[in-house]
Amino acid sequence: MCGIVAYIGYREASPIILNGLKRLEYRGYDSAGIALLTTEKDLKIYKKSGKVSELEEVIKGKNLEAKTGMGHTRWATHGEPNDINAHPHLSGSGEFAIIHNGIIENYASLKLALIKRGHEFKSETDTEVLIHLIEEVYKNNNVGFEEAVRMALTQVIGAYAIVILSKKDPDYLIGAKKGSPMVIGIGENEHFIASDASPFVEFTKNVVYLNDGEIAIIDGTKLTIKTIDNTIKTPYIQELEISLESIEKGGYEHFMLKEIFEQSRSILDSFRGRTHINDGTITMAGVDKFEDKLKNVKRIIIVGCGTSWHAGLVGEYLLEDFARIPVEVEYASEFRYRNPVLDENDFVIAISQSGETADTLAALELAKSKGATIFGICNVVGSSIPRFTDAGAYTHAGPEIGVASTKAFTAQVTALILMALSIAKKKGTISSQRLRELLIEMETLPAKVEKTLQSDKLIIEIANEFKDSKNALYLGRGYGFPVALEGALKLKEISYIHAEGYPAAEMKHGPIALIDAEMPVVVIATKHSYYEKVVSNIQEVRARKGRVIAIATEGDKEISNYADHVIYIPSCEESMLPLLATIPLQLLSYHIAVLRECNVDQPRNLAKSVTVE
Ligand code: F6R
């Protein structure tokens, strides 16, 4: 969480930083701040609780001229979101300024020791402790700026992506990374540092992803990368794949709506080039690399958080159905702190849109330490998980900016379908004919997604009816169960209505007690293997006066006898149901949240990239 951006070069720094902060706001929006370093060695800092737009009000009319600067958008961890706790933070003398994404775990003991040595702190943050420490090392050891940062970091335990400015060295920008993401953009005679590449995508496509334990020193126009123990590294320059259009709203009112409507394309992009209908094969380099292992593996463990965990549940059904491999799906946060039984025979798949989720990364580290093969299904290219894993598959959903995950989920499911089918083919647990049928079905999905999206107007009407509900229940069976969980998560996170997803048959073991005329119950009731059973569950809801919104298969007239509202989706293979059935639930949450005047793209208390435990 928290977004950082910094610039050094020949352009005015402030517009680049403020624009960059807006693009990084998905990472946290509790406060925003900017530091500008002029060539006259003047360090100007402005910060404000709330969003970047509030910071803009504060700086209106001020002289912001500077060619070097940095900015921060905060997701509060240590200390409430107020002006004082906002970054940047200054050292005791005001010589140094820092921005930070991450958590300094030993900040309390460092702070105590610094207080004993006479330091006074203004904020409650762990970050301010770090900049005081850097200054103390600088003064006591009579070393240069770069050396002071390096030496101070050897005393720090925790995660950080930091940028530091020094009044005495206005031509310098220093960044360092451990556990939190940092990318450096290399332009002609200018450099950018940021949490992801979105702040500088229109300026350069050449980037270096800093590795853990590395420090970037930009001295004027020269970039040097060193490790904390002072070994010089050769920067590995990569070319960016994202474009400016992909991170703008493109005429939609919110990023979330744009991303929901992008799903026919993002699903297509996630299978394009990987499926070959003519010869009935699937190319997934990461899966092919471990062909022998996957043919014989005794179980697969999937780890993830939130929506990615829901995709993992779909993955469990797919891998069991097609590849006949037992699968366990684990919350990464639980898995990492248990003492899981793991060894070199295990195959662990991490699912993550951002590729940065701290718990998911830690679960992988644990699995790797036990000798398991680790595989990533991620969306953000070059992020920490893909760089840490033995192999993986990118989802190609494109940048997802809305904090609530939508197109990333369907892209993850697409990748999991391909993975399950590819392993099934290698193992011989699927016939060539069945595989071809499924690949042909896959080709029809983008058009079916388009058709599903046409229910938008009907969904707005339904949203109007239910916008003031206090609670909602989502029910599904089989592949419809993870869809129900995902629908409930979407509603609660962006509209703040309490919602629960349940396996439809579990309803009678408790949740049925909640049902009355006030309770909307969304049921995945498509014409698949469980259809009759789910219809019985709907009757049970209706008998208690619950109000039913059914997601049903086109052409199923019968269902309207039981449900208050029916949203139809095109008929599809059961295993591909989550790709279509999730979409009306995303739209329902979106419209309810808009009608309740909630901040859809940046729901309260949330952040897109959860880089803290
Ligand atoms: C929900 C949502 C979160 C994320 C979760 C994991 O809409 O976005 O639940 O799914 O924080 O994030 P990633 O996928 O980046 O690991």
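Every number in this text was worked out from the coordinates using simple rules, so none of it is lab data. Here the structure is a predicted model, which is why all the values come from computation and not from measurement. Neighbour counts are summed over all protein chains in view; Cβ atoms, including those assigned to glycine, are modelled from backbone coordinates with ideal geometry.
Here are the numbers for the structure shown:
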{"read-out": "Cα-centred dipole magnitude for the range 204-279, charges only on beta-carbon of K, R (+1) and D, E (-1), debye, nearest 20", "value": "140 debye"}
{"read-out": "Residue (of 153, 85, 99) at the positive-pole extreme of the range 1-154, dipole from beta-carbon charges", "value": "99"}
{"read-out": "Net lengthening on full extension, residue 10/residue 457 (0.36 nm per residue, minus Cα-Cα)", "value": "156.0 nm"}
{"read-out": "Distance between modelled label sites at residue 116 and residue 236, nm, 7 Å Cα→Cβ extension", "value": "4.2 nm"}
{"read-out": "Residue order, fewest to most surrounding Cβ atoms within 10 angstrom, among 29, 531", "value": "531, 29"}
{"read-out": "Magnitude of the charge dipole, the range 46-148, Cβ model with Lys/Arg +1 and Asp/Glu -1, debye to 20", "value": "160 debye"}
{"read-out": "Cut-off 12 Å between beta-carbons: net charge of the residues surrounding residue 568, Lys and Arg +1, Asp and Glu -1", "value": "+2"}
{"read-out": "Convex hull volume per residue for the range 329-475, taking Cα atoms only, in Å³", "value": "172 Å³"}
{"read-out": "Farthest positive-ward along the chain dipole, Cα basis, beta-carbon charges - from 340, 313, 479", "value": "340"}
{"read-out": "Restraint check, 470/545; 451/490; 293/427; 41/67; 407/490; 116/168, Cα-Cα greater than 19 Å", "value": "451/490; 116/168"}
{"read-out": "Charge dipole (the range 187-226, unit charges on Cβ, about Cα centre) - positive-most of 203, 191, 220", "value": "220"}
{"read-out": "Using a Förster distance of 25 Å, the FRET efficiency for residue 574-residue 368 (Cβ separation, nearest 0.05)", "value": "0.10"}
{"read-out": "Rounded to 5, percent antiparallel among DSSP beta bridges of the chain", "value": "60 percent"}
{"read-out": "Spin-label zone in the range 393-430 - amide nitrogen under 19 Å from a point set 7 Å from the Cα of residue 248 along the C-beta vector", "value": "398-402"}
{"read-out": "Estimated dipole of the chain in Debye, rounded to 20 [Cβ of Lys and Arg +1, of Asp and Glu -1, Cα centre]", "value": "420 debye"}
{"read-out": "The chain - percent relative contact order, Cα under 8 Å, separation 6 or more", "value": "12 percent"}
{"read-out": "R0 of 45 Å, Cβ-Cβ distance residue 561-residue 320: FRET efficiency to nearest 0.05", "value": "0.85"}
